[in-house]
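The values are calculated or read from the model by the stated rules, or taken from the named source; none is laboratory data. Here the structure is a predicted model, which means the values were calculated and not measured. All Cβ positions, glycine included, derive from the backbone under ideal geometry; neighbour counts span all protein chains shown.
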Amino acid sequence: MSHTPEQTSEASLGLKRGDLVLDTATGRVGEVMDNRWNRYQLRPLGGGREWHANPLNLVSPRMNGPRCPECWRIKSAYYAASHEGDREAAARWTTEMGLHQRAAHP
């Protein structure tokens, strides 16, 4: 039985609505909202403007082992600051990750 493009990409990654993923093309972490026409529609954690991502650029926490939501939130903020060239904010997020790692993942 042949697959439609959205079925093919969904089957290959195994992502479903609500999964958290890292979009390596943008450095942003998002929640899977939908999957159509070989693209995933992602929403930033905590809400915001959705974007479309190529499934080849997505990394699932299930592929790399479990990660806590707070780690993803901090990492997403770090990547956003780095992408925008805000070195001061990126440094603050690096410190925040260290504090979180010591407190939550000893």
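Scanning the range 52-87 for residues that are surrounded by fewer than 17 Cβ atoms within 10 Å (Cβ to Cβ), outside any helix (DSSP H, G or I) and modelled with pLDDT of 85 or more turns up His52, Asn54, Gly85, Asp86.
Among the residues making up the range 34-50, a single one is among the aliphatic types (A, V, I, L, M) and either in contact with an Asp or Glu (Cβ under 6 Å, 6 or more places away or on another chain) or outside any strand (DSSP E or B) (or both): Leu45. Residue count for the range 19-39 under the criterion of being of a type in the set (Gly, Ala, Ser) and modelled with pLDDT of 85 or more: the result is 2.
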